[in-house]
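Report on one structure; see the data block that follows.
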Amino acid sequence: MDVRGGQHLPVVRTALAGLARLNARHPWSHNDHFHPWLLRRLPEPCRLAVDVGCGQGLLVARLAARAERVVGIDVDPHMREEASLRSRDLTNVTITDACLPNVAAEHGAVDAVTMVAVLHHLEAAEALTQVREALAPGGRFLAVGLAPPVTARDAVWELASAVTNPLIGMVKHPRPSRAAPAPDAFPVADPTRSFGEIRTLLDAVMPGARLQHRLGFRHTIAWTKPR
């Protein structure tokens, strides 16, 4: 959670510490929370879906029930191993370290590209251009991302996320957890590109893309390649 200025205000520090303790008692995955949002927006039919930065492969496994073929891409060998184990019984899934252009060259034009908390790890303009080129006409780019709060509007969404975060946790995980918070199982990097900068980049590379603030300290991107 990034509420800027909190390090200077004791009351903010106290409030954030209390929220952190409450969140630890009712943990939930902010990224997995958006999987239904992604799945509902897949094109139909979906011949080939590619999950870029597939991590441990949970979304890949869910995509496999909706697409004829799914490719999960990750540069981290440990993540690929975890994803391969998760999808070992799914005959329509491939886990690879190949780049998106190479996947498209091997399998043909892609019907859906998904990214969850991945774009801020990449050189965004290049990554979005590769997505645009890999997608078939009518194909969709669906992403869940993070951005640091910069404007007053960003700060309002940050505050709303901070307030609702423990409430969502209590709904998703009503029984308090007694376990110590687990370390992140995947590579983590702080986002640096603001919501406004992402908007500008999308306007240049994917005109018409829908970028929306969301609770859970996230935003979503949805774009359909023109036919």
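Based on protein heavy atoms only, region 33-147 ends up with 43 Å² per residue of surface accessible to a 1.4 Å probe.
First select every other residue whose beta carbon is under 13 angstrom from the beta carbon of residue 127; then total the charges, Lys and Arg +1, Asp and Glu -1. Neighbour charge sum, excluding residue 127 itself: -1.
Measuring with a 1.4 angstrom probe and ignoring ligands and nucleic acids, residue 111 comes out at about 30 Å² accessible.
The HN-Hα couplings worked out from phi for region 94-107 by the Karplus form 6.51 cos²θ - 1.76 cosθ + 1.60 (θ = phi - 60°) are 10, 10, 8, 9, 5, 7, 4, x, 5, 4, 5, 5, 7, 9 Hz, whole numbers, x standing for Gly and Pro. Computed on protein heavy atoms with a 1.4 Å probe, the accessible areas place 38, 90 in the order 90, 38, largest first.
The values are calculated or read from the model by the stated rules, or taken from the named source; none is laboratory data. Nothing here was measured: the structure is a model prediction, and the numbers come from that model. Because the Cβ atoms are built from the backbone with ideal geometry, glycine has one as well, and the counts that use them run over all protein chains shown. SASA here: full protein model, heavy atoms, side chains in, ligands and nucleic acids out. Shrake-Rupley method; radii C 1.70, N 1.55, O 1.52, S 1.80 Å.
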